[in-house]
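Here's the structure we're looking at; comments come further down.
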Amino acid sequence: MSRNLRVRQAQTVLPFGVGAILDIQGESFVAAGIGDWPAAKIRRQILAPRLVQKLPRVTALWAPPPAPVAEYDVPDARGPAYIRFPSWLFCGSCRRMVRWRIGEERFGRPPVCGSCQPQRKLAPMRFVQICAQGHLGDVDWWYWAHSQLTAPERERCPDRARLRFRVEESSTGLEALSVSCRNEECEDASRDLLDIQGTKALRCTGRNPWQYRSESADCPETVQIVQRTAGNLYYPVVHSALDIPVPAAPVVLDSDTAARVRTHAFWTALCQALDAPSARNLFDLIAESVGADEALMQALLEEETGRRLGEPAPNPAGTGPTGGPDGDPPFYPDLSWEEWTAFTQPVPESSQEFSIRRVGLGIEPDDAMPWHALDAGIAEVVIADRLREVRALQGFTRVSPSEAIVPVDTRVGARQAHWLPAIEVFGEGVFLSFHEDSLTQWEADAQVQHRVTGMADDLSRSFQRDRLASVTGELLLPRFPLLHTFAHLLIRQLAFESGYSTASLRERVYARPAPAAEPGPSQSGILIYTASGDADGTMGGLARQGEPGLLAETIIRLLEQAAWCSADPLCAEHLGQGFANLNRAACHACALLPETSCETGNSLLDRMLVVGGTGVPGYFEAAISAARVEAAQISQESGLAEAPAP
Ligand SMILES: [Zn+2]
Ligand SMILES: [Zn+2]
Ligand SMILES: [Zn+2]
Ligand SMILES: [Zn+2]
Ligand SMILES: [Zn+2]
């Protein structure tokens, strides 16, 4: 019964990054903290200086080598660690429950029932428990089975591991499932799962499954019992940066000498014993044998351990500069301005990572009216033939996205690493900007302002405010929902016309006001891109859609589509739908995208701002009207016009 479980390297940050549950071929694992990742000598450094500089305390990004999942029992395992979770499993045949231990893992083989012949694969229990501090644990099934007994009756139970997970064939739903005790002394110890998701009685373990018992926090939170596939089990905090040409900082940490330091036989020993009397000797010994100078050695130490040789150890627990068991507050660095500049300034020299060309919409003077109306709204079209994106995982929350963040390294104090797991992906895209003058004029309209002020009020009440402010900027300009909705409509149309799936296309909305410190024009553009492949992974299909002529036709068609939704008139008239009521005229039928495509979790969308209606002037209303007039003319000329009403 051998098998091969693999996680693609790109998935080790999203969706199967630290803290996430991986359900694969009937088995279930959790991705462990980076304290359990392979040593630096087999990780690969991901260079993204622009991103690293903006992340407090972060000194480097590392990608894991691609590797099979179940390698925790292999010395020097190559990939990130995935640990079996939940550890309570059951046999579908004899219904015995088994508490699985890491020492029982056999590489390449799933856990099997020891009581059944032929051997049967054990299945993971469906329910787990989480709390708002980001802890995750097994449900205490022994307690559950005995929870309706008195305390003295519970005391009589001789063996807490002998449980059975029963299923009643005669009924369906959770009341058909029950956990009971197999010991003779506990005849009545049994309870079904009917109200398990509402129960408040169970205690939090104060840790995540990869942490030792000694690392448990004294957690006062009420636990929630959820299915292990529940949406609120895991909210990753991921930062993304496009690689754009900036004057490169010297990358001493990526030199051959640096690599020799990291692979030196004593390097790990040095990192783990910075306070030992022998640390200086080890330091000098490594430096001499690989030819590294003091500065490089210290920089590498700081990258790996967060401090230099000779520096005092930080406060081991608490909220000192290295954070503590409570975790850091999430931070949302704004990386948009450099990207915006790169797309709108004179085309930089292309590189392996970034290659763009300015193409325009390709509208000619003798083209018909709709095209000119479109041209009046759109300033620039830039094709990105090559993009590199770096995604780094800071940590995660459970229960809700606004809870305390659990860092990717759950070790506390001096042992906490200062790097983040990251991946790089390559792709291509189309960038569009709107005319600043037309935008300013449109934003000055009282109806537009009224509509977007309502949205901004809802946003300021939302618990997602801080996260969304990193995308909208400090102030929600009317152009944000306009450009954002336009990006969604364009992705849907491009997917329809080019054969890309909507989930493979992503947006970046550039609609932030200029920072108060540096007054100037606001941002006014969008980027639609696809990035999933490795270095050779681009196909050119999306870039081709941005070519002159082709894109203009796509936009006219999307505008015609957007004027009507199958849920209209309800959708068009909505004044608060979607997450936290942050959407207006936008629903699954007309404007929403898969989670992975959208920067805001499908909020702050409103079709009316694009096409006009319900009293609001749309930014592209003139283009749509002209397109309708033209369509009517064409059908009239070809004799297809409907007979005039009597
Ligand atoms: Zn069995
Ligand atoms: Zn018992
Ligand atoms: Zn807890
Ligand atoms: Zn709709
Ligand atoms: Zn979006």
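The values are calculated or read from the model by the stated rules, or taken from the named source; none is laboratory data. Not measured: the values here are computed from a predicted model. Counting neighbours? That spans all protein chains shown, and the Cβs are built from the backbone with ideal geometry, glycine included. Note: accessible area is taken over every heavy atom of the protein model, side chains too, but ligands, DNA and RNA are not part of it. Shrake-Rupley method; radii C 1.70, N 1.55, O 1.52, S 1.80 Å.
Test residue 597 against the stated conditions and say whether it is among the hydroxyl-bearing types (Ser, Thr, Tyr), over 30 Å from the mean Cα position of the chain (by Cα) and more than 16 Å from ligand 2 (Cβ to nearest atom).
So residue 597 fails the test.
Taking segment 172-187 on its own, how many of its residues are surrounded by 12 or more Cβ atoms within 10 Å (Cβ to Cβ) and either within 16 Å of ligand 4 (Cβ to nearest atom) or in a loop (DSSP other than H, G, I, E, B) (or both)?
Selection size over segment 172-187: 2.
Filter segment 100-154 down to residues that are assigned to a loop (DSSP other than H, G, I, E, B), open to solvent by less than 40 Å² (accessible area, probe 1.4 Å) and within 16 Å of ligand 3 (Cβ to nearest atom), then give me how many there are. If you could, list the steps in order and put the result at the bottom.
Taking segment 100-154 and keeping what is assigned to a loop (DSSP other than H, G, I, E, B), we get 100-101, 105, 107-108, 110-111, 113-120, 125-126, 131-135, 139-140, 147-150.
So of that shortlist, the ones also open to solvent by less than 40 Å² (accessible area, probe 1.4 Å) come out as 100, 105, 108, 110-111, 113, 116, 125, 131-132, 134-135, 139, 147, 149.
From the residues that got through so far, the ones that are within 16 Å of ligand 3 (Cβ to nearest atom) too are 131-132, 134-135, 139.
Residues that pass the stated criteria total 5.
Determine whether segment 535-547 contains at least one residue that is of a type outside the set (A, V, I, L, M), outside any helix (DSSP H, G or I), open to solvent by 20 Å² or more (accessible area, probe 1.4 Å) and in contact with a helix residue (DSSP H, G or I) (Cβ under 8 Å, 6 or more places away or on another chain). Full working, then the answer.
Step one: of segment 535-547, the residues of a type outside the set (A, V, I, L, M) are 536-538, 540-541, 544-547.
From what's left, outside any helix (DSSP H, G or I): 536-538, 540, 546-547.
Among the residues that remain, those that are also open to solvent by 20 Å² or more (accessible area, probe 1.4 Å) are: 536-538, 540, 547.
Pick out the ones that are also in contact with a helix residue (DSSP H, G or I) (Cβ under 8 Å, 6 or more places away or on another chain) and you get none.
No, the conditions are met nowhere in segment 535-547.
Just a yes or no: is a residue in segment 544-560 over 23 Å from residue 382 (Cβ atoms) and either touching a residue at least 60 places away in the same chain (Cβ under 8 Å) or away from ligand 2 (no atom under 16 Å from the Cβ) (or both)? Before the answer, list the steps.
Restricting attention to segment 544-560, the residues satisfying the condition of being over 23 Å from residue 382 (Cβ atoms) are 560.
Keeping just the survivors that are either touching a residue at least 60 places away in the same chain (Cβ under 8 Å) or away from ligand 2 (no atom under 16 Å from the Cβ) (or both) gives 560.
Yes, the conditions are met somewhere in segment 544-560.
List the number of the failed condition for residue 200; all other conditions in (1) open to solvent by 90 Å² or more (accessible area, probe 1.4 Å); (2) out of contact with any Phe, Trp or Tyr (no Cβ under 6 Å at 6 or more places or on another chain); (3) under 22 Å from residue 85 (Cβ atoms) hold.
Failing condition for residue 200: (3).
Note down all Cβ pairs under 8 Å where the first residue falls in segment 568-581 and is more than 11 Å from residue 462 (Cβ to Cβ), the second is open to solvent by 60 Å² or more (accessible area, probe 1.4 Å) and more than 10 Å from ligand 4 (Cβ to nearest atom), and they're at least six residues apart or on different chains.
Short answer, once both residue conditions are applied: 572/614; 573/614.
Of all helices (runs of 4 or more DSSP H) completely enclosed by segment 555-644, which ones contain at least 3 residues that are more than 14 Å from ligand 5 (Cβ to nearest atom), touching a helix residue (DSSP H, G or I) at 6+ places or on another chain (Cβ under 7 Å) and open to solvent by 50 Å² or more (accessible area, probe 1.4 Å)?
Numbers: elements: 570-573, 608-611, 621-637.
Qualifying helices (runs of 4 or more DSSP H): 621-637.
Suppose we filter 390, 359, 382 for residues that are more than 30 Å from residue 132 (Cα to Cα) and surrounded by 21 or more Cβ atoms within 10 Å (Cβ to Cβ); which single one remains? Spell out how you get there, then give the answer.
Numbers: 390 fails: more than 30 Å from residue 132 (Cα to Cα); 359 fails: surrounded by 21 or more Cβ atoms within 10 Å (Cβ to Cβ).
None of the others qualify; the one that does is 382.
Could you say which residue among 362, 327 is assigned to a loop (DSSP other than H, G, I, E, B), in contact with a Pro (Cβ under 6 Å, 6 or more places away or on another chain), among the small types (Gly, Ala, Ser) and at pLDDT 85 or above? Before the answer, list the steps.
Working: 327 fails: at pLDDT 85 or above.
Criteria check complete, one pass: 362.
Could you tell me whether any residue of segment 140-160 is within 16 Å of ligand 1 (Cβ to nearest atom) and among the β-branched types (Val, Ile, Thr)?
If we filter segment 140-160 for residues that are within 16 Å of ligand 1 (Cβ to nearest atom), which is where we start, we get none.
The answer is no, given that none of the residues of segment 140-160 is within 16 Å of ligand 1 (Cβ to nearest atom) and among the β-branched types (Val, Ile, Thr).
Mind checking which pairs have a first residue in segment 273-296 that is under 11 Å from residue 308 (Cα atoms) and touching a residue at least 60 places away in the same chain (Cβ under 8 Å) and a second that is among the polar types (S, T, N, Q) and open to solvent by less than 60 Å² (accessible area, probe 1.4 Å), Cβ under 9 Å, 6 or more apart or different chains?
Partner pairs satisfying both residue conditions: 274/305.
Quick check on segment 607-627: of everything there that is more than 14 Å from residue 479 (Cβ to Cβ) and not aliphatic (A, V, I, L, M), which residue is farthest from ligand 4 (Cβ to nearest atom)?
This residue is 625.
Would you please name the residue that is least open to solvent (accessible area, probe 1.4 Å), looking only at residues in segment 155-170 that are of a type outside the set (A, V, I, L, M) and outside any loop (DSSP other than H, G, I, E, B)? Can you show your working first?
Restricting attention to segment 155-170, the residues satisfying the condition of being of a type outside the set (A, V, I, L, M) are 155-160, 162, 164-166, 168-170.
The next check asks that each one be outside any loop (DSSP other than H, G, I, E, B); those that pass are 155, 164-166.
Numbers: 155: 145, 164: 72, 165: 17, 166: 110 Å².
So the residue we want is 165.
With (1) touching a residue at least 24 places away in the same chain (Cβ under 8 Å); (2) more than 29 Å from residue 204 (Cβ to Cβ); (3) not hydroxyl-bearing (Ser, Thr, Tyr) as the list, and residue 117 as the residue in question, which single condition is left unmet?
(1)
Can you confirm whether segment 243-252 contains a residue that is in contact with a strand residue (DSSP E or B) (Cβ under 7 Å, 6 or more places away or on another chain) and hydrophobic (A, V, I, L, M, F, W, C)?
The initial filter retains those residues of segment 243-252 that are in contact with a strand residue (DSSP E or B) (Cβ under 7 Å, 6 or more places away or on another chain), namely 243.
From the residues that got through so far, the ones that are hydrophobic (A, V, I, L, M, F, W, C) too are none.
So far as segment 243-252 goes, no, none of its residues is in contact with a strand residue (DSSP E or B) (Cβ under 7 Å, 6 or more places away or on another chain) and hydrophobic (A, V, I, L, M, F, W, C).
Enumerate the pairs (first residue in segment 176-192 and in contact (Cβ under 8 Å) with a residue 60 or more places away in the chain; second residue anywhere and in a loop (DSSP other than H, G, I, E, B) and open to solvent by less than 40 Å² (accessible area, probe 1.4 Å)) with beta-carbon separation below 8 Å, excluding pairs fewer than 6 apart on the same chain, so at least 6 apart or on different chains.
Short answer, once both residue conditions are applied: 179/193.
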